[in-house]
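Student: Below are the C-alpha coordinates for one structure; questions will follow.
The values are calculated or read from the model by the stated rules, or taken from the named source; none is laboratory data. Computed from a predicted structure; not experimentally measured. Glycine also receives a Cβ, built like all others from the backbone with ideal geometry; neighbour counts cover every protein chain displayed. The protein model used for the area step is the full one, side chains on, heavy atoms only, and it has no ligands, DNA or RNA in it. Shrake-Rupley method; radii C 1.70, N 1.55, O 1.52, S 1.80 Å.
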Amino acid sequence: SWLGKVVFGSVLVECWPSCSFFTLLSVVICVACEKTGYKLNVSTVMLSVLSTMLSFVISLRTSSAVERYGEGRRAFSGITLASRNLALLVWLHVPPTTLTAAELASIGSDAAALEVEKLKGLLEKRTIINLIQAFSVSAKRYLRGESGVYYEDLYDLIACLPRYAFPSSVASGLAAERMERSGILGIWRSPYVNGETLLPCDSVHSTSSTPSPTLSRPVQQPSGGSDDPYLTKSYTNTRSIPLLPAFNPPPRTIYHWFPPLLVFHPFLRLFSKEPQAERKRRHSVCSNIPLEISLYLSGYVNEVIRRGTMVPTFVPVLFGTLGQLQDSITTLERVLTTPLPWAYQIHLRATTYAYLVFLPFQIYSALGYLTILATFVAATIFLGFLELGTQLENPFDSDLDLDHFCELIAAELREIVAHPQPAPSTFVFSPMNSPFLPADPRPASEIL
(Lines give C-alpha, C1' and ligand atoms only; values in the text may rest on other atoms or scores of the structure.)
Protein backbone atom coordinates (compact mmCIF):
# COMPACT_ATOMS: atom_id res chain seq x y z
CA SER A 1 0.00 0.00 0.00
CA TRP A 2 0.95 3.64 -0.30
CA LEU A 3 1.21 4.02 3.45
CA GLY A 4 3.46 0.97 3.70
CA LYS A 5 5.81 2.39 1.06
CA VAL A 6 5.97 5.71 2.89
CA VAL A 7 6.70 4.09 6.25
CA PHE A 8 9.06 1.32 5.20
CA GLY A 9 10.75 3.43 2.54
CA SER A 10 11.79 6.07 5.07
CA VAL A 11 14.61 6.04 7.60
CA LEU A 12 12.11 6.12 10.47
CA VAL A 13 12.22 2.32 10.61
CA GLU A 14 15.95 2.38 11.36
CA CYS A 15 16.05 5.34 13.74
CA TRP A 16 12.85 4.88 15.73
CA PRO A 17 14.54 3.07 18.66
CA SER A 18 16.91 6.00 19.23
CA CYS A 19 14.09 8.52 18.77
CA SER A 20 11.97 6.61 21.27
CA PHE A 21 14.81 6.61 23.79
CA PHE A 22 15.30 10.38 23.70
CA THR A 23 11.54 10.94 23.75
CA LEU A 24 11.20 8.77 26.87
CA LEU A 25 14.10 10.66 28.42
CA SER A 26 12.26 13.92 27.85
CA VAL A 27 9.14 12.40 29.43
CA VAL A 28 11.14 11.45 32.53
CA ILE A 29 12.64 14.95 32.78
CA CYS A 30 9.27 16.68 32.37
CA VAL A 31 7.54 14.45 34.93
CA ALA A 32 10.40 14.84 37.39
CA CYS A 33 10.35 18.61 37.09
CA GLU A 34 6.56 18.72 37.43
CA LYS A 35 6.29 16.37 40.42
CA THR A 36 9.29 17.55 42.41
CA GLY A 37 9.03 21.23 41.62
CA TYR A 38 12.76 21.33 41.01
CA LYS A 39 13.56 23.02 37.73
CA LEU A 40 16.31 21.18 35.91
CA ASN A 41 17.08 24.13 33.71
CA VAL A 42 20.23 24.63 31.70
CA SER A 43 21.20 27.91 30.10
CA THR A 44 20.03 28.18 26.51
CA VAL A 45 23.23 29.88 25.41
CA MET A 46 24.73 26.60 24.32
CA LEU A 47 21.50 25.59 22.55
CA SER A 48 21.93 28.06 19.70
CA VAL A 49 25.66 27.41 19.43
CA LEU A 50 25.32 23.61 19.32
CA SER A 51 22.30 23.77 17.02
CA THR A 52 24.16 25.81 14.44
CA MET A 53 27.31 23.71 14.65
CA LEU A 54 25.47 20.39 14.59
CA SER A 55 23.24 21.43 11.70
CA PHE A 56 26.29 22.44 9.68
CA VAL A 57 28.16 19.20 10.36
CA ILE A 58 25.15 16.97 9.63
CA SER A 59 24.51 18.95 6.44
CA LEU A 60 28.11 18.37 5.38
CA ARG A 61 27.74 14.66 6.18
CA THR A 62 24.55 14.37 4.15
CA SER A 63 26.00 16.32 1.23
CA SER A 64 28.98 13.97 1.11
CA ALA A 65 26.66 10.96 1.09
CA VAL A 66 24.48 12.43 -1.66
CA GLU A 67 27.61 13.09 -3.73
CA ARG A 68 28.59 9.42 -3.40
CA TYR A 69 25.06 8.45 -4.41
CA GLY A 70 25.29 10.59 -7.54
CA GLU A 71 28.75 9.28 -8.36
CA GLY A 72 27.53 5.71 -8.09
CA ARG A 73 24.61 6.47 -10.39
CA ARG A 74 26.89 8.12 -12.96
CA ALA A 75 29.25 5.16 -12.87
CA PHE A 76 26.46 2.65 -13.49
CA SER A 77 25.16 4.88 -16.29
CA GLY A 78 28.64 4.47 -17.78
CA ILE A 79 28.12 0.70 -17.77
CA THR A 80 24.78 1.21 -19.53
CA LEU A 81 26.33 3.43 -22.20
CA ALA A 82 29.33 1.16 -22.77
CA SER A 83 27.12 -1.96 -22.93
CA ARG A 84 24.85 -0.33 -25.49
CA ASN A 85 27.72 0.90 -27.68
CA LEU A 86 29.69 -2.34 -27.47
CA ALA A 87 26.63 -4.42 -28.38
CA LEU A 88 25.92 -2.20 -31.40
CA LEU A 89 29.53 -2.49 -32.56
CA VAL A 90 29.60 -6.26 -32.17
CA TRP A 91 26.22 -6.91 -33.76
CA LEU A 92 26.42 -4.47 -36.68
CA HIS A 93 30.10 -3.93 -37.45
CA VAL A 94 31.83 -7.25 -36.70
CA PRO A 95 31.51 -9.60 -39.71
CA PRO A 96 29.51 -12.79 -38.95
CA THR A 97 32.38 -15.23 -39.31
CA THR A 98 34.84 -17.11 -37.14
CA LEU A 99 37.49 -17.43 -39.88
CA THR A 100 40.31 -15.19 -40.97
CA ALA A 101 40.12 -13.33 -44.26
CA ALA A 102 42.36 -15.93 -45.95
CA GLU A 103 40.35 -18.88 -44.59
CA LEU A 104 37.12 -17.23 -45.65
CA ALA A 105 38.48 -16.71 -49.16
CA SER A 106 39.46 -20.39 -49.36
CA ILE A 107 35.82 -21.42 -48.98
CA GLY A 108 35.07 -19.71 -52.26
CA SER A 109 31.50 -19.91 -53.48
CA ASP A 110 30.44 -22.91 -51.43
CA ALA A 111 27.00 -21.70 -50.36
CA ALA A 112 26.48 -24.38 -47.72
CA ALA A 113 29.85 -23.74 -46.06
CA LEU A 114 29.28 -19.98 -46.16
CA GLU A 115 25.86 -20.40 -44.55
CA VAL A 116 27.28 -22.57 -41.78
CA GLU A 117 30.10 -20.09 -41.20
CA LYS A 118 27.61 -17.21 -41.06
CA LEU A 119 25.59 -19.11 -38.47
CA LYS A 120 28.73 -19.71 -36.42
CA GLY A 121 29.51 -16.01 -36.53
CA LEU A 122 26.00 -15.10 -35.39
CA LEU A 123 26.21 -17.58 -32.52
CA GLU A 124 29.55 -16.13 -31.51
CA LYS A 125 28.27 -12.55 -31.57
CA ARG A 126 25.13 -13.49 -29.66
CA THR A 127 27.27 -15.15 -27.00
CA ILE A 128 29.45 -12.06 -26.67
CA ILE A 129 26.36 -9.86 -26.28
CA ASN A 130 25.18 -12.23 -23.54
CA LEU A 131 28.51 -11.61 -21.80
CA ILE A 132 27.94 -7.85 -22.14
CA GLN A 133 24.58 -8.28 -20.43
CA ALA A 134 26.18 -10.49 -17.79
CA PHE A 135 28.70 -7.75 -17.01
CA SER A 136 26.04 -5.39 -15.64
CA VAL A 137 24.31 -8.19 -13.72
CA SER A 138 27.57 -9.43 -12.22
CA ALA A 139 28.49 -5.84 -11.31
CA LYS A 140 25.22 -5.57 -9.41
CA ARG A 141 25.95 -8.80 -7.50
CA TYR A 142 29.55 -7.76 -6.98
CA LEU A 143 28.62 -4.42 -5.43
CA ARG A 144 26.06 -6.03 -3.14
CA GLY A 145 28.56 -8.58 -1.88
CA GLU A 146 26.62 -11.51 -3.38
CA SER A 147 29.42 -13.86 -4.36
CA GLY A 148 29.10 -16.65 -6.88
CA VAL A 149 27.07 -16.96 -10.07
CA TYR A 150 24.14 -19.12 -8.92
CA TYR A 151 21.41 -16.63 -9.82
CA GLU A 152 18.59 -16.85 -12.34
CA ASP A 153 19.63 -13.70 -14.16
CA LEU A 154 23.36 -14.50 -14.30
CA TYR A 155 24.20 -18.19 -14.41
CA ASP A 156 22.80 -19.03 -17.86
CA LEU A 157 24.68 -16.10 -19.40
CA ILE A 158 28.15 -17.20 -18.28
CA ALA A 159 27.82 -20.94 -17.63
CA CYS A 160 29.81 -21.60 -20.82
CA LEU A 161 32.96 -19.88 -19.57
CA PRO A 162 35.91 -22.13 -18.58
CA ARG A 163 38.12 -21.89 -15.51
CA TYR A 164 39.14 -18.47 -14.24
CA ALA A 165 39.07 -16.89 -10.80
CA PHE A 166 40.32 -13.51 -9.63
CA PRO A 167 40.35 -12.22 -6.05
CA SER A 168 37.56 -9.83 -5.18
CA SER A 169 38.49 -6.18 -4.67
CA VAL A 170 35.52 -5.60 -2.34
CA ALA A 171 35.60 -8.86 -0.38
CA SER A 172 35.63 -8.44 3.37
CA GLY A 173 38.67 -10.22 4.69
CA LEU A 174 41.46 -12.06 2.94
CA ALA A 175 39.84 -15.48 2.76
CA ALA A 176 39.74 -15.45 -1.04
CA GLU A 177 43.35 -14.35 -1.35
CA ARG A 178 44.56 -17.05 1.07
CA MET A 179 42.95 -19.83 -0.95
CA GLU A 180 45.20 -21.83 -3.22
CA ARG A 181 44.33 -21.39 -6.87
CA SER A 182 44.48 -25.16 -7.28
CA GLY A 183 41.41 -25.35 -5.06
CA ILE A 184 39.30 -23.09 -7.28
CA LEU A 185 37.60 -25.11 -10.00
CA GLY A 186 36.05 -22.21 -11.87
CA ILE A 187 33.48 -19.45 -11.67
CA TRP A 188 30.52 -21.82 -11.97
CA ARG A 189 31.89 -24.89 -10.14
CA SER A 190 32.69 -23.59 -6.69
CA PRO A 191 34.47 -26.02 -4.34
CA TYR A 192 32.60 -27.05 -1.24
CA VAL A 193 34.27 -27.42 2.14
CA ASN A 194 34.16 -31.22 2.01
CA GLY A 195 35.46 -31.49 -1.54
CA GLU A 196 32.09 -31.66 -3.27
CA THR A 197 31.45 -29.79 -6.49
CA LEU A 198 28.40 -27.53 -6.55
CA LEU A 199 26.21 -27.87 -9.62
CA PRO A 200 23.04 -25.79 -10.21
CA CYS A 201 19.55 -27.25 -10.25
CA ASP A 202 16.06 -25.82 -10.69
CA SER A 203 15.37 -22.41 -9.21
CA VAL A 204 13.59 -21.85 -5.96
CA HIS A 205 12.08 -18.49 -5.09
CA SER A 206 13.39 -17.72 -1.67
CA THR A 207 14.83 -14.71 0.07
CA SER A 208 17.25 -16.85 2.00
CA SER A 209 20.91 -16.37 1.20
CA THR A 210 21.70 -20.03 1.97
CA PRO A 211 21.01 -22.38 -0.97
CA SER A 212 19.00 -25.51 -0.39
CA PRO A 213 20.78 -28.82 -1.10
CA THR A 214 17.72 -30.35 -2.81
CA LEU A 215 18.72 -32.33 -5.92
CA SER A 216 16.72 -31.51 -9.01
CA ARG A 217 18.32 -30.60 -12.36
CA PRO A 218 22.07 -31.21 -12.33
CA VAL A 219 24.10 -29.80 -15.18
CA GLN A 220 25.15 -32.36 -17.76
CA GLN A 221 28.92 -32.55 -18.04
CA PRO A 222 30.38 -32.92 -21.53
CA SER A 223 31.80 -36.34 -22.27
CA GLY A 224 34.63 -35.15 -24.50
CA GLY A 225 35.70 -32.87 -27.26
CA SER A 226 37.13 -30.12 -25.06
CA ASP A 227 40.69 -29.15 -24.26
CA ASP A 228 39.71 -27.90 -20.80
CA PRO A 229 40.48 -30.64 -18.24
CA TYR A 230 37.86 -29.15 -15.95
CA LEU A 231 35.18 -29.66 -18.59
CA THR A 232 36.14 -33.26 -19.31
CA LYS A 233 36.68 -34.18 -15.67
CA SER A 234 34.37 -36.83 -14.26
CA TYR A 235 32.58 -35.42 -11.25
CA THR A 236 31.77 -38.23 -8.87
CA ASN A 237 31.23 -36.19 -5.71
CA THR A 238 28.71 -33.50 -6.54
CA ARG A 239 25.99 -31.55 -4.81
CA SER A 240 23.24 -29.64 -6.59
CA ILE A 241 22.12 -26.24 -5.40
CA PRO A 242 19.20 -24.12 -6.64
CA LEU A 243 19.59 -20.91 -8.59
CA LEU A 244 18.53 -17.99 -6.43
CA PRO A 245 15.96 -15.55 -7.86
CA ALA A 246 17.14 -12.43 -9.67
CA PHE A 247 15.71 -10.22 -6.91
CA ASN A 248 17.01 -11.73 -3.71
CA PRO A 249 17.12 -9.14 -0.90
CA PRO A 250 18.33 -10.33 2.49
CA PRO A 251 15.51 -11.37 4.83
CA ARG A 252 14.53 -8.86 7.46
CA THR A 253 15.27 -10.12 10.91
CA ILE A 254 14.52 -8.85 14.37
CA TYR A 255 17.74 -6.82 14.21
CA HIS A 256 16.20 -4.70 11.43
CA TRP A 257 13.29 -3.68 13.62
CA PHE A 258 15.27 -3.49 16.86
CA PRO A 259 18.82 -2.37 15.96
CA PRO A 260 19.97 -2.17 19.62
CA LEU A 261 19.76 -5.97 19.78
CA LEU A 262 22.76 -6.17 17.44
CA VAL A 263 25.01 -5.96 20.51
CA PHE A 264 23.85 -9.48 21.43
CA HIS A 265 24.39 -10.94 17.95
CA PRO A 266 28.00 -12.16 18.52
CA PHE A 267 26.87 -14.06 21.63
CA LEU A 268 23.87 -15.63 19.88
CA ARG A 269 26.12 -16.95 17.10
CA LEU A 270 27.87 -19.10 19.69
CA PHE A 271 24.63 -21.07 20.08
CA SER A 272 23.85 -21.24 16.36
CA LYS A 273 23.09 -24.69 14.94
CA GLU A 274 24.82 -23.85 11.66
CA PRO A 275 28.15 -25.67 11.42
CA GLN A 276 31.20 -23.46 11.60
CA ALA A 277 32.49 -24.87 8.31
CA GLU A 278 29.22 -23.83 6.65
CA ARG A 279 29.62 -20.26 7.87
CA LYS A 280 33.21 -20.13 6.64
CA ARG A 281 32.12 -21.41 3.25
CA ARG A 282 30.05 -18.28 2.59
CA HIS A 283 33.07 -16.02 2.91
CA SER A 284 35.79 -18.28 1.53
CA VAL A 285 35.00 -18.29 -2.21
CA CYS A 286 34.99 -14.81 -3.71
CA SER A 287 35.66 -13.96 -7.32
CA ASN A 288 35.59 -10.79 -9.38
CA ILE A 289 33.08 -11.88 -12.00
CA PRO A 290 33.05 -8.52 -13.89
CA LEU A 291 36.82 -8.75 -14.31
CA GLU A 292 36.52 -12.32 -15.57
CA ILE A 293 33.92 -11.24 -18.13
CA SER A 294 36.14 -8.34 -19.21
CA LEU A 295 38.92 -10.85 -19.82
CA TYR A 296 36.78 -12.76 -22.30
CA LEU A 297 35.49 -9.60 -23.98
CA SER A 298 39.06 -8.39 -24.44
CA GLY A 299 40.01 -11.80 -25.80
CA TYR A 300 37.16 -11.58 -28.30
CA VAL A 301 38.35 -8.18 -29.53
CA ASN A 302 41.87 -9.56 -29.87
CA GLU A 303 40.53 -12.49 -31.90
CA VAL A 304 38.62 -10.16 -34.21
CA ILE A 305 41.83 -8.19 -34.78
CA ARG A 306 43.75 -11.40 -35.50
CA ARG A 307 41.20 -12.48 -38.09
CA GLY A 308 41.61 -9.20 -39.99
CA THR A 309 37.96 -9.15 -41.08
CA MET A 310 36.96 -5.96 -39.27
CA VAL A 311 37.55 -2.39 -40.44
CA PRO A 312 40.64 -1.23 -38.50
CA THR A 313 39.08 2.12 -37.62
CA PHE A 314 36.56 0.38 -35.36
CA VAL A 315 39.23 -1.33 -33.24
CA PRO A 316 40.03 1.75 -31.08
CA VAL A 317 36.29 2.23 -30.52
CA LEU A 318 35.97 -1.34 -29.26
CA PHE A 319 38.85 -0.88 -26.86
CA GLY A 320 37.36 2.43 -25.76
CA THR A 321 34.07 0.78 -24.75
CA LEU A 322 35.95 -1.97 -22.90
CA GLY A 323 37.96 0.71 -21.09
CA GLN A 324 34.75 2.50 -20.16
CA LEU A 325 33.40 -0.69 -18.60
CA GLN A 326 36.55 -1.03 -16.51
CA ASP A 327 36.53 2.64 -15.56
CA SER A 328 32.91 2.39 -14.42
CA ILE A 329 33.42 -0.71 -12.29
CA THR A 330 36.54 0.84 -10.75
CA THR A 331 34.59 3.96 -9.83
CA LEU A 332 31.86 1.83 -8.28
CA GLU A 333 34.48 -0.04 -6.24
CA ARG A 334 35.93 3.25 -5.04
CA VAL A 335 32.51 4.49 -3.92
CA LEU A 336 31.86 1.20 -2.13
CA THR A 337 35.20 0.80 -0.40
CA THR A 338 35.86 4.39 0.69
CA PRO A 339 33.45 5.21 3.53
CA LEU A 340 33.85 8.17 5.82
CA PRO A 341 36.42 7.60 8.57
CA TRP A 342 35.00 5.67 11.48
CA ALA A 343 36.27 8.23 14.01
CA TYR A 344 34.35 10.98 12.19
CA GLN A 345 31.12 9.00 12.31
CA ILE A 346 31.55 8.10 15.98
CA HIS A 347 32.29 11.69 16.99
CA LEU A 348 29.34 13.02 14.99
CA ARG A 349 26.92 10.56 16.56
CA ALA A 350 28.28 11.20 20.06
CA THR A 351 27.83 14.94 19.58
CA THR A 352 24.28 14.44 18.32
CA TYR A 353 23.39 12.20 21.25
CA ALA A 354 24.84 14.69 23.73
CA TYR A 355 22.82 17.48 22.16
CA LEU A 356 19.57 15.49 22.35
CA VAL A 357 20.26 14.52 25.97
CA PHE A 358 20.63 18.14 27.10
CA LEU A 359 17.89 19.51 24.83
CA PRO A 360 14.96 18.87 27.28
CA PHE A 361 16.82 20.63 30.10
CA GLN A 362 17.20 23.74 27.95
CA ILE A 363 13.66 24.07 26.62
CA TYR A 364 11.51 22.77 29.50
CA SER A 365 11.13 26.13 31.20
CA ALA A 366 9.73 27.64 28.00
CA LEU A 367 7.68 24.75 26.60
CA GLY A 368 6.63 22.64 29.57
CA TYR A 369 5.14 19.33 28.45
CA LEU A 370 5.55 20.38 24.83
CA THR A 371 9.22 19.54 25.45
CA ILE A 372 8.31 15.91 24.76
CA LEU A 373 7.01 16.70 21.27
CA ALA A 374 9.89 19.07 20.55
CA THR A 375 12.46 16.46 21.58
CA PHE A 376 10.80 13.82 19.42
CA VAL A 377 10.80 16.14 16.38
CA ALA A 378 14.43 17.16 16.94
CA ALA A 379 15.55 13.53 17.41
CA THR A 380 13.69 12.45 14.27
CA ILE A 381 15.28 15.21 12.18
CA PHE A 382 18.88 14.88 13.38
CA LEU A 383 18.99 11.07 13.69
CA GLY A 384 17.06 10.71 10.43
CA PHE A 385 19.68 12.71 8.55
CA LEU A 386 22.45 10.68 10.19
CA GLU A 387 20.82 7.41 9.14
CA LEU A 388 20.11 8.77 5.68
CA GLY A 389 23.77 9.68 5.27
CA THR A 390 24.80 6.18 6.38
CA GLN A 391 22.49 4.55 3.82
CA LEU A 392 23.49 6.84 0.96
CA GLU A 393 27.14 6.12 1.70
CA ASN A 394 26.53 2.66 0.23
CA PRO A 395 23.76 3.26 -2.33
CA PHE A 396 24.02 -0.16 -3.97
CA ASP A 397 21.97 -2.18 -1.48
CA SER A 398 18.58 -0.50 -1.83
CA ASP A 399 18.76 3.18 -2.76
CA LEU A 400 19.94 2.72 -6.36
CA ASP A 401 17.55 0.41 -8.22
CA LEU A 402 20.29 -1.70 -9.82
CA ASP A 403 17.78 -4.43 -10.70
CA HIS A 404 15.84 -1.97 -12.84
CA PHE A 405 19.00 -0.68 -14.50
CA CYS A 406 20.08 -4.23 -15.39
CA GLU A 407 16.62 -5.01 -16.77
CA LEU A 408 16.82 -1.94 -19.00
CA ILE A 409 20.22 -3.02 -20.31
CA ALA A 410 18.91 -6.53 -21.00
CA ALA A 411 15.86 -5.13 -22.82
CA GLU A 412 18.03 -2.85 -24.97
CA LEU A 413 20.39 -5.68 -25.90
CA ARG A 414 17.45 -7.92 -26.80
CA GLU A 415 16.13 -5.16 -29.05
CA ILE A 416 19.52 -4.79 -30.74
CA VAL A 417 19.87 -8.49 -31.59
CA ALA A 418 16.23 -8.86 -32.60
CA HIS A 419 16.87 -7.29 -36.01
CA PRO A 420 19.50 -7.69 -38.73
CA GLN A 421 21.65 -4.80 -39.81
CA PRO A 422 19.17 -2.23 -41.21
CA ALA A 423 19.78 -1.24 -44.81
CA PRO A 424 18.92 2.40 -45.63
CA SER A 425 17.12 1.30 -48.81
CA THR A 426 14.43 -0.39 -46.72
CA PHE A 427 13.15 2.90 -45.33
CA VAL A 428 14.61 5.77 -47.38
CA PHE A 429 12.50 5.03 -50.46
CA SER A 430 9.39 4.09 -48.51
CA PRO A 431 6.13 5.81 -49.58
CA MET A 432 5.81 6.91 -45.94
CA ASN A 433 9.05 8.93 -46.12
CA SER A 434 8.61 12.59 -47.06
CA PRO A 435 12.11 13.99 -46.49
CA PHE A 436 11.35 17.59 -47.58
CA LEU A 437 8.32 18.31 -45.40
CA PRO A 438 6.72 20.79 -45.02
CA ALA A 439 7.94 22.44 -48.22
CA ASP A 440 7.39 19.35 -50.39
CA PRO A 441 4.89 16.72 -49.17
CA ARG A 442 5.80 14.19 -51.87
CA PRO A 443 7.31 10.87 -50.68
CA ALA A 444 10.76 9.84 -51.77
CA SER A 445 9.40 7.31 -54.29
CA GLU A 446 7.51 10.06 -56.18
CA ILE A 447 10.46 12.44 -56.15
CA LEU A 448 12.49 9.84 -58.02
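Student: Can you compute 3J(HN,Hα) from phi for each residue in the stretch 311-320, using the Karplus curve 6.51 cos²θ - 1.76 cosθ + 1.60 with θ = phi - 60°, rounded to whole Hz and x for Gly and Pro?
Tutor: Once rounded to whole Hz, the list reads 4, x, 5, 7, 4, x, 5, 4, 5, x.
Student: May I pose another question? Contour minus end-to-end for Cys160 and Thr62, with contour as 0.36 nm per residue of separation and end-to-end as the Cα-Cα distance?
Tutor: 30.9 nm
Student: I'd like the FRET efficiency for Ala374 and Ala32, computed as 1/(1 + (r/R0)^6) with the beta carbon distance as r and R0 of 25 Å, rounded to 0.05.
Tutor: In this case the efficiency is close to 0.90.
Student: Another question, if that's okay. Considering amide H positions built from the backbone, and no H for Pro or chain starts, which residues 5 or more places from Leu244, or on another chain, come under 5 Å of its amide H?
Tutor: Hits under the 5 Å cutoff: Tyr151, Glu152.
Student: Which order do Asp156, Asp403, Asp110 take when ranked by solvent-accessible area (1.4 Å probe, heavy atoms of all protein chains), largest first?
Tutor: Ranked from most to least accessible, the order is Asp156, Asp110, Asp403.
Student: From the Cα gyration tensor of the stretch 11-87, with a ≥ b ≥ c the square roots of its eigenvalues, which class applies: rounded if a/c is under 1.5, or else prolate if a/b is larger than b/c, or else oblate?
Tutor: Oblate, because a/c is 1.5 or more while a/b does not exceed b/c.
Student: Okay, next question. Return the FRET efficiency for the residue pair Arg74, Glu446: r is the Cβ-Cβ distance, R0 is 56 Å, and the value is rounded to the nearest 0.05.
Tutor: 0.70
Student: Counting other Cβ atoms within 10 Å, which chymotrypsin sites (Phe, Trp or Tyr not before Pro) in the stretch 366-415 have at most 15 and lie in a DSSP loop?
Tutor: Qualifying residues, ordered by number: Tyr369.
Student: Continuing with the same structure: Testing the spin-label approximation: label points 7 Å from Cα along Cα→Cβ at Leu437 and His419. State their distance in nm.
Tutor: 1.8 nm
Student: Can I ask one more? Using r as the Cβ-Cβ distance of Val116 and Arg334, and R0 as 51 Å, what FRET efficiency do you calculate, to the nearest 0.05?
Tutor: Efficiency for this residue pair is about 0.65.
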